[in-house]
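K.L.:
One structure, as C-alpha cells, below. Some questions next.
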Amino acid sequence: MSAITTNQIIAAVIGIVALLILLVIGLASSGNEGWFYSALRYIGTYDHWDTFTKGIVDTRDVIYYVSFTALLIFIVVRIVESRRWR
C-alpha cells in the first residue's frame, strides 16, 4: 500500500482494512456450501491461517501465501516502474 500513497499512515490504514476484508471474507463464507462459498473460503485468509495455528503445514496454504505475495510484489514493481517513467 505504500507504493500507492506517499503518506505512511494512510498506507497502514489501507493495509489493515485490506487484511480485515480478507479475514471477513473467509469467516463469512465458512458456514455455507456451494462453489461460490468455496471460492470465497479459498480467497479469504481465515482457513489458511487456521491450519497454521493448529500446527498443520499444508501445501495448499503455503502455495496460497507464496502466490499472494508474488502477485503483490508484481503489482508493486509495476506501480514503481510506471512512476519512474512519468
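K.L.:
List the number of the failed condition for residue 2; all other conditions in (1) surrounded by fewer than 11 Cβ atoms within 10 Å (Cβ to Cβ); (2) not in a helix (DSSP H, G or I) hold.
P.N.:
Only one criterion in (1) surrounded by fewer than 11 Cβ atoms within 10 Å (Cβ to Cβ); (2) not in a helix (DSSP H, G or I) is unmet by residue 2, namely (1).
K.L.:
Which is free of Cβ contacts under 8 Å to residues at least 12 places away in the same chain and exposed (fewer than 12 other Cβ atoms within 10 Å of the Cβ), of 74, 52? Let's see the steps before the verdict.
P.N.:
Numbers: 52 fails: exposed (fewer than 12 other Cβ atoms within 10 Å of the Cβ).
Just one listed residue meets the conditions, 74.
K.L.:
Looking at region 55-71, which of its residues are surrounded by 12 or more Cβ atoms within 10 Å (Cβ to Cβ) and either free of Cβ contacts under 8 Å to residues at least 12 places away in the same chain or closer than 19 Å to residue 1 by Cβ (or both)?
P.N.:
In the first step, residues of region 55-71 are kept if they are surrounded by 12 or more Cβ atoms within 10 Å (Cβ to Cβ); the result is 58, 61-62, 64-65, 68.
Across region 55-71, the qualifying residues are 58, 62, 65, 68.
K.L.:
Out of all the residues in region 10-41, which are among the aromatic types (Phe, Trp, Tyr) and loosely packed, with under 11 Cβ neighbours inside 10 Å?
P.N.:
35, 36
Every number in this text was worked out from the coordinates using simple rules, so none of it is lab data. Quick caveat, the model's predicted, so the values are computed rather than measured. Note: ideal-geometry Cβ built from the backbone for every residue, glycine included; neighbour counts use all protein chains shown.
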